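Asker: Take a look at this one; I'll ask things after.
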Amino acid sequence: MRRIINFVLYAIILFLFLFYFQNREALWQQFKYRYLKNGFKAEVEEFKKEPEEKPKEDLIIIPKIAIEAPLVLAKSEDEKDILKSLKNGAVMYPNFSLPAKKGRVVITAHSSGGREAGDYKSLFSLLDKLQKGNKILIYFKGQEYKYKVFETKIINASDYEEVFKEREGSTLVLFTCWPLGTTFKRLVIKARLVK
């Protein structure tokens, strides 16, 4: 009996270690946001300043959670293309509206992941901190598009209709895997174009 208990304890410790190792960057972002508020506030203040010149590259900027990352248009909706594009930044789905057009712009990024996920493996790790009224900036083809969050929700991983269903007007949908370190559900943020 003692051997079984030891085995279970070692298995739990090993699982926790591997989970931490795989998701340490996303967990650090959550820790920093929650417990090191002064340090994180300084980062956020830097992002609240409007850029003097419009960036020439395509970007997504979310001031509340100090995100500035390249915006990559995927070649197709094929999972391999999306995963490959995610290594280079936040990914805009190709068969949906572009920011300049009326319709739904759909963007995804990792919330956590290992080395194979690339430099942007925890880009959306703080997406759950966004609230109604928060600002999201998209720079696309030399133009600036400002969106305001109007809804946040968590859906089942298989319920993509919520993400991809077209609606009236110009909307932005951000989504990522949730909770951190899993693919069980999806965190969905919806925002309306204001400028």
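Asker: Show me, for region 131-148, the HN-Hα J-couplings you get by feeding each phi into the Karplus relation (A = 6.51, B = -1.76, C = 1.60, θ = phi - 60°), rounded to Hz, glycine and proline as x.
Answerer: 3J(HN,Hα) across region 131-148, in whole Hz: 10, 3, x, 5, 9, 10, 10, 10, 10, 9, 6, x, 10, 9, 10, 9, 10, 10.
Asker: Could you name the lysines in cross-link range of Lys165, using Cα to Cα under 18 Å and dropping any fewer than eight places away on the same chain?
Answerer: Lys101, Lys102, Lys153, Lys185, Lys190
Asker: Now, a different point. Restricted to Cα positions, what overall size does region 86-174 have along the principal axes? Three whole-Å values, descending.
Answerer: Sorted from largest, the Cα extents of region 86-174 read 38, 33, 26 Å.
Asker: Let me ask something else about it. Just subtract the alpha-carbon distance of Phe31 and Thr182 from 0.36 nm times their residue separation and send over the number in nm, one decimal.
Answerer: That works out to 52.6 nm of additional length.
Asker: Follow-up. So if we plug the beta-carbon distance of Phe15 and Ile154 into 1/(1 + (r/R0)^6) with R0 = 22 Å, what FRET efficiency do we get, rounded to 0.05? Walk me through the numbers before you get to the answer.
Answerer: Details: r = 24 Å, r/R0 = 1.07.
FRET efficiency, Phe15 to Ile154: 0.40.
Asker: What's the Kirkwood radius of region 55-138 in Å, using all Cα pairs? Please report the intermediate quantities before stating the final value.
Answerer: Values: mean 1/r = 0.0752 Å⁻¹.
Radius from the Kirkwood sum: 13.3 Å.
Asker: To two decimal places, what compactness ratio does the chain give when its Cα radius of gyration is scaled by 2.2 N^0.38 Å? Please report the intermediate quantities before stating the final value.
Answerer: Values: Rg = 18.1 Å, N = 195, 2.2 N^0.38 = 16.3 Å.
Ratio of Cα Rg to 2.2 N^0.38 Å: 1.11.
Asker: To continue, here is another question. Take the alpha carbon atoms of region 87-132, find their center, do the same for region 2-31, and report the distance between the two centers in whole angstrom.
Answerer: After rounding, the separation between the Cα centres reads 27 Å.
Asker: In whole Hz, with x marking every Gly and Pro, tabulate ³J(HN,Hα) for region 176-191 from phi via Karplus 6.51 cos²θ - 1.76 cosθ + 1.60, θ = phi - 60°.
Answerer: Per residue, the Karplus-derived 3J(HN,Hα) values read 8, 5, 8, x, 3, x, 9, 10, 5, 9, 10, 8, 10, 10, 10, 9 Hz.
Each value in this text was obtained by applying a stated rule to the coordinates, not by laboratory testing. Everything numeric here is computed off the predicted structure, so don't read it as measured data. When we count neighbours, we look across all protein chains shown, and the Cβ atoms used for this are built from the backbone with ideal geometry, even at glycine.
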